[in-house]
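Asker: Provided herewith is a single structure, encoded as structure tokens, for subsequent inquiry.
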Amino acid sequence: MTTALLFRDDAYLAETPATVLAINERGGIELDRTVFYATGGGQPGDAGLLRRADGSTITIGSAVYGPQDRSRILHVPLDGQPAPQPGEAVTAVLDWERRLKRMRIHTALHLLSVVLPFPVTGGAIGDGDGRLDFDIPEGGLDKVEIAEKLNALVARNAAVTERWITDAELDANPGLVKTMSVQPPRGSGRIRLVAIGDIDLQPCGGTHVRNTAEIGLVAVTDIEKKGKQNRRVRIALA
Ligand SMILES: [Zn+2]
């Protein structure tokens with residue numbers, strides 16, 4: 001049994017009817033389909049709730065991939081929540097306000113990797129803020145200058161679109177992979193490419209806004225030296 005990952009095709013889907021497939025020994029709830037993004041690529045799993053037929057709810061703190069494979073997603077309830085029954089019909093509902101902030105930051109981090117065209121060694125997405133770590137031989141980064149360039153890209157109102165390519169096509173274009181620490185998931189034979197207008201193109205399985213205009217004004221809040229060749233650049237929604 002696998003979970004249909006509805007967020008891959010429509011990141012704006014905030015809820016879906018679903019059927020409980022199983023509950024694992026640690027209480028993780030597996031559904032046949034979900035709008036919950038599972039922790040991965042520096043982005044936390046979504047929070048939200050499962051609404052039951054009687055109107056009561058099960059509060060979900062996060063979502064993670066199953067221990068064996070990435071074809072199933074486990075919805076992790078907060079402590080003390082009731083457990084549903086296998087076969088039960090529920091409605092999976094996102095904490096949309098949080099997810100949208102993560103989508104805005106996630107998309108802004110794509111743009112940051114254009115402003116700073118250096119290898120990315122790590123990253124994280126929070127609720128309204130985020131960071132990327134870059135391999136940069138020299139320092140001399142300026143927060144104001146980076147923010148200006150970033151906001152100029154946001155202001156281009158560029159459409160964010162996706163398409164799928166095969167593993168072989170990616171192998172023929174190794175330059176598409178910017179993030180050294182997060183390789184695109186392989187094995188399924190196809191890889192999802194995310195394009196931001198003609199500004200950026202890279203493999204990504206995350207959730208993005210439809211247009212850079214939705215990101216809004218972004219601030220560069222900090223630049224930390226993390227090692228001789230590494231700079232951590234933090235951004236936040238202004
Ligand atoms: Zn992405």
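The values are calculated or read from the model by the stated rules, or taken from the named source; none is laboratory data. It should be emphasised that the depicted structure is a prediction, and the values quoted were computed from it without experimental measurement. Cβ atoms come from the backbone with ideal geometry, glycine included; neighbour counts cover every protein chain shown. Accessible surface areas use protein heavy atoms only, side chains included; no ligands, DNA or RNA. Shrake-Rupley method; radii C 1.70, N 1.55, O 1.52, S 1.80 Å.
Asker: Each residue of the range 197-206 in order: what ³J(HN,Hα) in whole Hz does its phi give by Karplus 6.51 cos²θ - 1.76 cosθ + 1.60, θ = phi - 60°, with x for Gly and Pro?
Answerer: Those phi angles translate into x, 9, 8, 8, 9, 7, x, 6, x, x Hz.
Asker: Another question about this same structure. Report the far tail of the P(r) of the chain, meaning the percent of Cα-Cα pairs longer than 31 Å.
Answerer: Every Cα pair in the chain considered, those over 31 Å come to 27 percent.
Asker: At 1.4 Å probe size, what's the solvent-accessible area of W96? Round to the nearest 10 Å².
Answerer: It works out to around 70 Å².
Asker: Excluding ligands, DNA and RNA, what is the solvent-accessible area per residue of the chain at a probe of 1.4 Å, expressed in Å²?
Answerer: 48
Asker: Just want the answer: with Cβ charges of +1 for Lys and Arg and -1 for Asp and Glu, which residue in P82, A63, L111 is farthest toward the dipole's positive end in the range 56-153?
Answerer: P82
Asker: Going through the range 1-105, which GluC sites (Glu not before Pro) have at most 12 other Cβ atoms within 10 Å and a DSSP loop state?
Answerer: Answer in residue order: E25.
Asker: May I pose another question? Ratio of the range 1-88's C-alpha Rg to 2.2 N^0.38 Å, to two decimals?
Answerer: 0.99
Asker: Go through the range 47-58 residue by residue and turn each phi into a ³J(HN,Hα) via Karplus (6.51, -1.76, 1.60, θ = phi - 60°); whole Hz please, and just put x for glycine and proline.
Answerer: 9, x, 8, 10, 8, 8, 4, 7, x, 6, 10, 10
Asker: Can you give me the distance in nm between label points at D222 and T39, each placed 7 Å from the Cα along the Cα-to-Cβ direction?
Answerer: 2.1
Asker: Starting from the residue with the highest accessible area, list S113, S71 in decreasing order, probe 1.4 Å.
Answerer: S71, S113
Asker: Then there is this: Under a crude label model (7 Å from the Cα following the beta-carbon direction), how far is D32 from E15 in nanometres?
Answerer: 2.0
Asker: I need the shape label for the range 50-182. Rule: rounded when a/c is under 1.5, else prolate if a/b > b/c, else oblate, with a, b, c from the alpha carbon gyration tensor.
Answerer: In terms of gyration-tensor shape, prolate.
Asker: Given +1 on the Cβ of Lys and Arg, -1 on the Cβ of Asp and Glu, and no further charges, what dipole in debye does the range 99-237 carry about its Cα centre, rounded to the nearest 20?
Answerer: 360
Asker: I've got another one for you. Full extension from K143 to D198: what is 0.36 nm times the residue separation minus their Cα-Cα distance, to one decimal in nm?
Answerer: The K143-D198 span can extend by a further 17.3 nm.
Asker: To continue, here is another question. If you put +1 on each Lys and Arg Cβ and -1 on each Asp and Glu Cβ, how big is the dipole of the chain around its Cα centre, in Debye rounded to 20?
Answerer: 280
Asker: Output the 0 to 90 degree angle, nearest 10, between the alpha-carbon long axis of helix 143-154 and the longest principal axis computed from the alpha carbons of the chain.
Answerer: Its long axis makes an angle of about 60 degrees.
Asker: Here is a further query. Quick query: amide H of A158 versus all other amide H atoms, modeled in the peptide plane; which residues come in under 5 Å with a sequence gap of 5 or more or a different chain?
Answerer: Sorted by chain and number, the residues that satisfy this are T212, A213.
Asker: Only loop residues by DSSP count here, and only those with at most 11 other Cβ atoms within 10 Å; note down the trypsin sites (Lys or Arg not before Pro) in the range 1-96 that meet that.
Answerer: R26
Asker: Still on this structure, please answer the following. Tabulate in residue order the Karplus-calculated ³J(HN,Hα) for the range 101-111, using 6.51 cos²θ - 1.76 cosθ + 1.60 with θ = phi - 60°, rounded to whole Hz; enter x for Gly and Pro.
Answerer: 4, 5, 5, 5, 5, 4, 5, 4, 5, 4, 5
Asker: Name the long-range amide H neighbours of E88: under 5 Å, sequence gap of 5 or more, or other chain; modelled H, no Pro or chain starts.
Answerer: Sorted by chain and number, the residues that satisfy this are V20.
Asker: Round to the nearest 0.05 the FRET efficiency obtained for E25 and R190 when R0 = 35 Å and r is the Cβ-Cβ distance.
Answerer: 0.60
Asker: Return the distance in nm (one decimal) between the two label points of a simple spin-label model at T161 and Q68, each offset 7 Å from Cα along Cα→Cβ.
Answerer: Label-label distance for T161 and Q68, simple model: 3.9 nm.
Asker: Report in % the part of the accessible area of the chain that belongs to carbon and sulfur, leaving out ligands and nucleic acids; probe 1.4 Å.
Answerer: It is 51 percent, rounded to a whole number.
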